[in-house]
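Engineer: After the structure tokens below, expect a handful of questions from me.
The values are calculated or read from the model by the stated rules, or taken from the named source; none is laboratory data. Values in this document were obtained by computation on a predicted structure and should not be read as measured data. Positions of Cβ are generated from backbone atoms using ideal geometry, with glycine treated the same way; all protein chains shown enter the neighbour counts. Each accessible area value is taken on the protein alone, full model and side chains, heavy atoms only, with ligands, DNA and RNA left out. Shrake-Rupley method; radii C 1.70, N 1.55, O 1.52, S 1.80 Å.
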Amino acid sequence: MRPDNKPIIFNFETKLRSGKIIIYVMNGTERLLVNDVRENADSLFIRMPFFDSYFALRLVNSKYLQGDWIKNYGDHLVTMRFFAEFNNPQRFPVYRSPAFNISGRWSVHFRGASDSTESVGEFKQSGSYVTGTFLTITGDYRYLEGVVSGDTLKLSTFDGGHAYYFTSKILDSNRMTEGFYYAGAVSVETWVAEKNEQAKLPDEFSQTQLRNADKAILHFIFPDLNGHLISPQDSNLRNKVVIIQILGSWCPNCMDETRFLAPWYIQNKSRPIAVIGLAYERTTSFADTKRLLQPFISRFHVTYPILATGVSVNDSLRTEKNASRNSKDHWISNYYIYR
């Protein structure tokens, strides 16, 4: 529950595995396994596998859980109240039959306090039940799930790091208005949408530019999580196609990308290719970066090196700045990459 009393609703399922409680967070077709669950009398502590967040909860009358969800943003913590009802599979109540079917593709315009964003909505509706997502030039909102009740759309998702709730009034089969997008504890944007099966985003390659094109060879040296310095100029990478993955353990789209890239690399590593991940965390501490990345690497069975850049994701120049650290800190950089 947000401080403005807007609830961000999601479903989860508990099971016993070898005598231990595990949880599956449910969003559309996704089932996100959470296996770090500790019981202590009437208390339950649930650490999410990514995104540096956890729940501190208390069991009430064997029917309810209540407590807090605590999210670490690196330089501060955000706490939101949490309440769960046992054996209630309903995400949103449906009070009326759906007046419209919103299945298809939509042109969407989000407006925040300081900027606006063009997006593409993709939805599938069966009866009152709706799944879908919003696509943007920087990624998507992953697995959204909800309902159409009368002329009202409600969608939500939660992955341990991101809690989103979308609502809108459906004017007719081609227009949605009075939309609100609630993210985390305080963020609010408005949105409107028009049905448009031809809606598309700008070509993603038009959104990237190579700076210092006359120095287009990548130059960087960063440590992997064991402290070994790695560079694209290393002798074992000569005559190979080197794929540079820019990621962070806080990033849900990076999670989806890694879910694809990790097994792809295992299947293709006998070819003259290599993958190097450059991690930008919410911290500049090597120890904290390692702590955050290890469960990410373990969950997706990553076998290629992921390097700690020592540059915070909050740094607006994170991918193009030249950072200089002495060898004792293990961070050395003089590089040019796509922003």
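Engineer: Looking only at the range 130-149, filter to residues that are over 14 Å from the mean Cα position of the chain (by Cα) and surrounded by 15 or more Cβ atoms within 10 Å (Cβ to Cβ); which one of those is nearest to L247 (Cα to Cα)?
Structural biologist: G132
Engineer: Do we have any residue at all in the range 51-66 that's at negative phi, part of a loop (DSSP other than H, G, I, E, B) and of a type outside the set (V, I, T)?
Structural biologist: Scanning the range 51-66 turns up at least one residue that is at negative phi, part of a loop (DSSP other than H, G, I, E, B) and of a type outside the set (V, I, T).
Engineer: A follow-up question, please. Filter the range 57-82 for residues that are over 18 Å from the mean Cα position of the chain (by Cα) and closer than 19 Å to L32 by Cα and give the result.
Structural biologist: F82 - this is the single residue of the range 57-82 that is over 18 Å from the mean Cα position of the chain (by Cα) and closer than 19 Å to L32 by Cα.
To keep it simple, each residue is scored yes or no on (1) in contact with an Asp or Glu (Cβ under 8 Å, 6 or more places away or on another chain); (2) open to solvent by 20 Å² or more (accessible area, probe 1.4 Å); (3) closer than 20 Å to H162 by Cβ.
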| residue | (1), (2), (3) |
| --- | --- |
| P223 | no, no, no |
| Q233 | no, yes, no |
| R238 | no, yes, no |
| I243 | no, yes, no |
| S249 | yes, no, yes |
| N253 | yes, yes, yes |
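Engineer: In addition: Which one is surrounded by the fewest Cβ atoms within 10 Å (Cβ to Cβ), of the residues in the range 277-297 that are aromatic (F, W, Y) and closer than 14 Å to V311 by Cα? Even if it seems obvious, please write down each step before you answer.
Structural biologist: Taking the range 277-297 as the starting set, the residues that turn out to be aromatic (F, W, Y) are 280, 286, 296.
In the following step, the residues that additionally are closer than 14 Å to V311 by Cα were identified as 280, 286.
Working: Y280: 23, F286: 18.
Here the residue is F286.
Engineer: List the number of the failed condition for Y165; all other conditions in (1) out of contact with any Leu (no Cβ under 6 Å at 6 or more places or on another chain); (2) without any contact (Cβ under 8 Å) to a residue 40 or more places away in the chain; (3) among the aromatic types (F, W, Y) hold.
Structural biologist: Result: Y165 fails condition (2) only.
Engineer: Right, another one. Would you confirm, using the coordinates I've provided, whether D4 is among the acidic types (D, E), surrounded by 13 or more Cβ atoms within 10 Å (Cβ to Cβ) and out of contact with any Pro (no Cβ under 7 Å at 6 or more places or on another chain)? If you could, list the steps in order and put the result at the bottom.
Structural biologist: Working: among the acidic types (D, E): yes; surrounded by 13 or more Cβ atoms within 10 Å (Cβ to Cβ): no; out of contact with any Pro (no Cβ under 7 Å at 6 or more places or on another chain): yes.
In short, no.
Engineer: Considering the range 12-41 alone, what residues qualify as being open to solvent by less than 20 Å² (accessible area, probe 1.4 Å), assigned to a strand (DSSP E or B) and farther than 19 Å from D52 by Cα? Write out each step before concluding.
Structural biologist: In the first step, residues of the range 12-41 are kept if they are open to solvent by less than 20 Å² (accessible area, probe 1.4 Å); the result is 22-23, 25, 27-28, 30, 32, 34, 37.
So of that shortlist, the ones also assigned to a strand (DSSP E or B) come out as 22-23, 25, 27, 30, 32, 34, 37.
Listed by number, the residues that qualify are N27, E30.
Engineer: Here's a check for you: in the range 175-187, which residue that is farther than 17 Å from F10 by Cα and within 18 Å of the chain's Cα centre (by Cα) is most open to solvent (accessible area, probe 1.4 Å)? Even if it seems obvious, please write down each step before you answer.
Structural biologist: Taking the range 175-187 first, the residues farther than 17 Å from F10 by Cα are 175-180, 186-187.
Still in the running and within 18 Å of the chain's Cα centre (by Cα): 186-187.
Numbers: V186: 116, S187: 48 Å².
Out of the qualifying residues, it is V186.
Engineer: Anything in the range 163-179 that is in a strand (DSSP E or B), touching a Lys or Arg at 6+ places or on another chain (Cβ under 6 Å) and over 14 Å from F134 (Cα atoms)? List them, or say none.
Structural biologist: Step one: of the range 163-179, the residues in a strand (DSSP E or B) are 163-172, 175-179.
Right, trim to touching a Lys or Arg at 6+ places or on another chain (Cβ under 6 Å) and you get 167, 177-178.
Residues satisfying the conditions are T177, E178.
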